[in-house]
Amino acid sequence: LTAEFIKAKNLEDLSMVGEKDTAVSSVVGYLEKRSVYYLRGNRLGSFVRWDNQRRHSVNSRKVIETVHQISTETKEDVIVILNRKLPAHLKEEHSIKKIVEFTGCTVRDEKFYLYRYRVDSD
C-alpha cells in the first residue's frame, strides 16, 4: 500500500530515507528502487544488511539532520519513510510535512508514516 501510494503520487524518483530498515526494505522492493538511505546502517541500500553497523536505533533529530544533509547535497526534496511519527516541534522547525500515514496494520513494524522534506526548508 505504501509503495502504491508513492507511485500514484509520482514520488518514486525522489531521494528516500528510511527507518526502520527491516520494514522500509519491503517498500523499496515494491518500488523497484535501486536504493534508499537506511538510517540504521548509515548507508544507501536496497535490502537490509544484517551487520553490527545497523544495530543502533536512530532518534528523530538524527532523522532530520540526515534528511537535511541529503537534500542539500542532491538539491531536491526527500521522502522520509518511518515507522513512527515525528514530533510536532521538529516538523514545525524544519518544515517537514506529513504526506500520509498507514497505521491500520496488525504488525507494529508495518505502520508507515511518509513525510516530505522540501529542499528549501531551511
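The values are calculated or read from the model by the stated rules, or taken from the named source; none is laboratory data. Because the structure is a prediction, the values reported are computed rather than measured. In this analysis, Cβ positions are derived from the backbone assuming ideal geometry, glycine residues included, and neighbour counts consider all displayed protein chains. All accessible areas refer to the heavy atoms of the entire protein, side chains included, with ligands and DNA or RNA removed. Shrake-Rupley method; radii C 1.70, N 1.55, O 1.52, S 1.80 Å.
Restricting the search to the range 15-48, which residues are assigned to a loop (DSSP other than H, G, I, E, B) and either of a type in the set (A, V, I, L, M) or in contact with a Phe, Trp or Tyr (Cβ under 8 Å, 6 or more places away or on another chain) (or both)? If you could, list the steps in order and put the result at the bottom.
Here is the first cut: in the range 15-48, the residues assigned to a loop (DSSP other than H, G, I, E, B) are 20, 32-35, 39-42, 46-48.
Answer for the range 15-48, where residues must be assigned to a loop (DSSP other than H, G, I, E, B) and either of a type in the set (A, V, I, L, M) or in contact with a Phe, Trp or Tyr (Cβ under 8 Å, 6 or more places away or on another chain) (or both): L39, V48.
Residue-wise test of (1) among the aromatic types (F, W, Y); (2) free of Cβ contacts under 8 Å to residues at least 24 places away in the same chain; (3) over 15 Å from Y113 (Cα atoms).
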position	(1), (2), (3)
A3	no, no, no
G18	no, no, no
D21	no, no, no
L31	no, no, yes
R34	no, yes, yes
Q53	no, yes, yes
H56	no, yes, yes
H68	no, no, yes
K85	no, no, no
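Report the residue count in the range 61-99 for those that are among the hydrophobic types (A, V, I, L, M, F, W, C) and open to solvent by 30 Å² or more (accessible area, probe 1.4 Å).
Applying the first criterion (among the hydrophobic types (A, V, I, L, M, F, W, C)) to the range 61-99 yields 63-64, 67, 70, 78-82, 86, 88, 90, 96, 99.
Going one step further and asking which of them are open to solvent by 30 Å² or more (accessible area, probe 1.4 Å), we end up with 88, 99.
Result for the range 61-99: 2.
Of (1) more than 11 Å from the chain's Cα centre (by Cα); (2) outside any strand (DSSP E or B), V63 satisfies all except one. Which?
With respect to (1) more than 11 Å from the chain's Cα centre (by Cα); (2) outside any strand (DSSP E or B), V63 is out only on (1).
Determine whether the range 23-30 contains at least one residue that is hydroxyl-bearing (S, T, Y), farther than 14 Å from T2 by Cα and either out of contact with any Pro (no Cβ under 9 Å at 6 or more places or on another chain) or open to solvent by less than 90 Å² (accessible area, probe 1.4 Å) (or both).
Start the filter on the range 23-30 by keeping residues that are hydroxyl-bearing (S, T, Y), which leaves 25-26, 30.
Subset that is farther than 14 Å from T2 by Cα: none.
No, the range 23-30 contains no residue that is hydroxyl-bearing (S, T, Y), farther than 14 Å from T2 by Cα and either out of contact with any Pro (no Cβ under 9 Å at 6 or more places or on another chain) or open to solvent by less than 90 Å² (accessible area, probe 1.4 Å) (or both).
Somewhere in the range 40-60, is a residue hydrophobic (A, V, I, L, M, F, W, C), under 13 Å from the mean Cα position of the chain (by Cα), at pLDDT 90 or above and crowded, with 16+ Cβ neighbours inside 10 Å? Talk me through it step by step, then tell me what you get.
If we filter the range 40-60 for residues that are hydrophobic (A, V, I, L, M, F, W, C), which is where we start, we get 44, 47-48, 50, 58.
Now restrict to residues that are under 13 Å from the mean Cα position of the chain (by Cα): 44, 58.
Within this subset, residues satisfying the condition of being at pLDDT 90 or above are none.
No, every residue in the range 40-60 fails to be hydrophobic (A, V, I, L, M, F, W, C), under 13 Å from the mean Cα position of the chain (by Cα), at pLDDT 90 or above and crowded, with 16+ Cβ neighbours inside 10 Å.
Exactly one condition in (1) within 22 Å of K85 (Cβ to Cβ); (2) surrounded by 14 or more Cβ atoms within 10 Å (Cβ to Cβ); (3) of a type in the set (D, E, K, R) is false for K33; which is it?
Only one criterion in (1) within 22 Å of K85 (Cβ to Cβ); (2) surrounded by 14 or more Cβ atoms within 10 Å (Cβ to Cβ); (3) of a type in the set (D, E, K, R) is unmet by K33, namely (1).
Given the criteria surrounded by fewer than 19 Cβ atoms within 10 Å (Cβ to Cβ) and among the hydroxyl-bearing types (S, T, Y), does T2 qualify?
Details: surrounded by fewer than 19 Cβ atoms within 10 Å (Cβ to Cβ): no; among the hydroxyl-bearing types (S, T, Y): yes.
No: the conditions fail for T2.
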